[in-house]
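Here is the structure we will look at, set down as structure tokens.
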Amino acid sequence: MPLDVAVFLENPGKSLPIDLHLDPEGTGSLPGDLRFCEGIHVTGEAFAQLGTLYVRVSIRTEVERRCRRCLVPLRSAIDLHESFEVDVPVGAISVDLLPQALAAVVGSLDPRPLCRRECRGLCPTCGEDLNADPVHSCRAPDEAPRRLGDFLRS
Ligand SMILES: [Zn+2]
Ligand SMILES: [Zn+2]
């Protein structure tokens with residue numbers, strides 16, 4: 001939902017409230033593993049001055065990503081306080097705040113999300129979750145000599 005800027009342009013320098021629900025779906029420019037669990041709620045205020053809209057808002061939403069090691073889904077609540085400027089083209093009646101809101105959300109995310117710091121991840125050989133089975137091992141080179149040893153001992 002774009003922001004109607006007419007009232008801001010008619011009252012230059014005057015701060016007016018903003019309350020927007022932005023739909024992040026279909027933007028096509030999100031990092032691959034990022035999913036929005038809800039829309040982006042943008043509230044705050046803005047004022048226009050000489051073709052620029054000065055925005056100061058809270059940005060709230062909830063996103064889901066996957067643990068970089070074990071791929072378990074991780075949900076996080078986003079609550080940011082952001083200030084930014086948006087150029088208002090001459091004659092425009094609305095501006096889209098979604099690019100700025102998305103950039104703020106994406107920029108606030110940990111580039112390497114982990115379900116927990118000591119996550120063991122997945123077995124590189126068979127893909128088993130090593131958090132569920134910490135003693136799991138299917139490294140073939142280790143297994144062969146052990147089997148031979150068992151054989152010789154028996
Ligand atoms: Zn994990
Ligand atoms: Zn394995």
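The values are calculated or read from the model by the stated rules, or taken from the named source; none is laboratory data. Note that the structure is a prediction, hence the values are computed from the model and not measured. Heads up, the Cβs are rebuilt from the backbone with ideal geometry, glycines too, and the neighbour counts pull from every protein chain shown. In case anyone asks, the SASA skips ligands and DNA or RNA and just uses the protein heavy atoms, side chains included. Shrake-Rupley method; radii C 1.70, N 1.55, O 1.52, S 1.80 Å.
If ARG35 satisfies every condition in (1) open to solvent by less than 20 Å² (accessible area, probe 1.4 Å); (2) modelled with pLDDT under 95 but one, which is the exception?
Tallying (1) open to solvent by less than 20 Å² (accessible area, probe 1.4 Å); (2) modelled with pLDDT under 95, ARG35 fails exactly one: (1).
Any idea which of (1) open to solvent by 70 Å² or more (accessible area, probe 1.4 Å); (2) at pLDDT 95 or above is the one GLY44 doesn't satisfy?
(1)
Of (1) in contact with a Pro (Cβ under 8 Å, 6 or more places away or on another chain); (2) more than 16 Å from ligand 1 (Cβ to nearest atom), ARG65 satisfies all except one. Which?
(2)
Could you check, for region 105-127, whether at least one of its residues is away from ligand 1 (no atom under 16 Å from the Cβ), modelled with pLDDT of 90 or more, closer than 21 Å to LEU16 by Cβ and surrounded by 15 or more Cβ atoms within 10 Å (Cβ to Cβ)?
Taking every residue of region 105-127 in turn, none turns out to be away from ligand 1 (no atom under 16 Å from the Cβ), modelled with pLDDT of 90 or more, closer than 21 Å to LEU16 by Cβ and surrounded by 15 or more Cβ atoms within 10 Å (Cβ to Cβ).
Kindly check whether there is at least one residue in region 76-99 that is in a loop (DSSP other than H, G, I, E, B), modelled with pLDDT under 95 and more than 30 Å from LEU9 (Cβ to Cβ).
Scanning region 76-99, I find no residue that is in a loop (DSSP other than H, G, I, E, B), modelled with pLDDT under 95 and more than 30 Å from LEU9 (Cβ to Cβ), so the answer is no.
Which of the following residues is more than 16 Å from ligand 2 (Cβ to nearest atom), farther than 30 Å from ALA132 by Cβ and not basic (Lys, Arg): GLY32, GLY13?
Details: GLY32 fails: farther than 30 Å from ALA132 by Cβ.
Going through GLY32, GLY13 in turn, the sole match is GLY13.
With respect to PRO134, is the statement that it is at pLDDT below 90, within 16 Å of ligand 1 (Cβ to nearest atom) and either over 19 Å from the mean Cα position of the chain (by Cα) or not assigned by TED's automatic domain parsing to the domain that holds PRO12 (or both) true?
So PRO134 passes the test.
Out of PRO24, PRO2, I need the residue that is in contact with a Ser or Thr (Cβ under 9 Å, 6 or more places away or on another chain), at pLDDT below 95, more than 17 Å from PRO89 (Cα to Cα) and surrounded by 13 or more Cβ atoms within 10 Å (Cβ to Cβ). Which one?
PRO24
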